[in-house]
1. Near Gln415, within a Cβ-to-Cβ distance under 11 Å, what is the net charge of the other residues, with Lys and Arg +1 and Asp and Glu -1?
2. About its Cα centre, how strong a charge dipole does segment 206-277 have in debye, to the nearest 20, once Lys and Arg get +1 and Asp and Glu get -1 at the Cβ?
3. Could you please report the charge total around Ala76, scoring K, R as +1 and D, E as -1 over all other residues with beta-carbon less than 11 angstrom from its beta-carbon?
4. Give the whole-number value, in cubic angstrom per residue, of the convex hull volume spanned by the C-alpha atoms of segment 143-217.
5. Could you tell me which of Val217, Pro256, Thr267 has its Cα farthest along the dipole of segment 206-277 towards the positive end, charges placed at Cβ (Lys, Arg +1; Asp, Glu -1), taken about the Cα centre?
6. At q = 0.16 Å⁻¹, what base-10 log of I(q)/I(0) does the Debye formula yield for segment 17-180 when every alpha carbon is treated as an equal point scatterer in vacuo?
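What follows is calculated from the coordinates using simple rules that are stated; it is not laboratory data. The structure presented is a predicted model; accordingly, all values stated were derived computationally and were not measured. Virtual Cβ from ideal backbone geometry, glycine too; neighbours counted across all protein chains shown.
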Amino acid sequence: MSRINIGGFGTGNVEQASSLAIRYAEALNVRFIDFYRYAIFPQSGRHAKTAYMQIPRRLYTEGMTTTALEWVLALATLMRTSDVQYCTTLPLQGAISGRGLNTDERRWCPQCLDEMADSGEVIYEPLVWRMCDACCTVHATALASVCPLCKRGAQTFLVPNARVGCCRHCGAWLGHPKAAMERAVDERQISASRLCSELVLLPQLLGEHEALVPSKVAVQALWSHFFDASSERMGQAIGETAARIRCYLRGDLTAPLSVIVRLALVTQTTMRQIFVTQEFLDSGSGVTVEPSVVSSLHVLESPSAGRLVSDARNVDDGTQGNPPSSGDSSTSRKIWRWRRRNALGEQAQVRARNAARQAVEKKVSFAHKVKVIVADLKTSGAPQPSIKAVKQLISSRGPLLNPWERMIIASRISQVYSVGESAISDGPSGDSYVQHVNG
Ligand SMILES: [Zn+2]
Ligand SMILES: [Zn+2]
């Protein structure tokens, strides 16, 4: 069988699973329905009983569903790579809620489709187009959902003759820049969409010893760092009730994407900080940051940035080093500023990557210490320690815990002492326990 590569792999624009499946069928020169019938369907352990196969109208091949899992397994087997999972939101399970995450109908950016076609490179539909909070950040437009030719919307993802970038009803090419012209979005929507891309990218970039923390740990970290551990303040900042916030904190409810996006916007944090490192750059407490404030990690582009990008390609490289003289047109000054801002963004990304790497190293060493100390305690016959006692034995800085540390220590104690995590307490701070052990 021929092999194809996942579009946009390693970026926030990674391809969605249905697009990948459709392209795979195209590469094999078979109709999509036949690919489904003979390649996908049998992989789920079922066999077609009738001569006529129907593709279910509502297939959540990108969601946190059994269907998605079946498709991922089928495609992964065919393509011989487990990377297919990143074409769905499955790797985000537990970190955010699957409810309200994906759109029911297909959406696309006509300009992006046209540019992909013009570039002569692979044409595919990114996963982020399936997410409810997404727009096109390159062209600063809302995603389209109605065919420019037959004017029909409510497009499903997979039909018997499905083709990438084409209408599911009439088969027409969906790239049609004019259709998107009057669908401008504001900077807030662009930032939200950029966070969606960040989230999609996150699982692809996890280091060997990294994992996404569960929703409640992520929300707890933001709550204690930025909102003085006040559910009221957190709720006010993002327009949720305090009761609802407490549900997220206890883990009774998994926080939906819209809540995480609003929290990231008001605290100016990245998805990586929220779900992986939990290390926030500023002192945090008492945050009243305006969502419109631009941080170096979230460089916002103005709605005209898309045009500037294409203009920038036509400007010679001499404009990169020095600002254009005052005699130059305002466009070339704009382009220079845009490039400069991008360069600053890259520097910030390098710094963020370094900080992230150090954080990973610190965490690996912390987890290792926890492992050694808890094992030592158990071997020496010491009674089951509290979480704070373990923390105190590791660090002279005292028993203050962040949620990630709590999680690591609790799971280690639970493993070594064979107790449920509910039977492990935070405190007492464990001074007497520590003295007892040291003495
Ligand atoms: Zn676009
Ligand atoms: Zn159509």
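1. Residues close to Gln415 contribute a combined charge of +2.
2. I would put it at about 160 debye.
3. Its environment carries a net charge of -1.
4. 166 Å³
5. About the Cα centre, the residue reaching furthest to the positive side is Pro256.
6. -0.96
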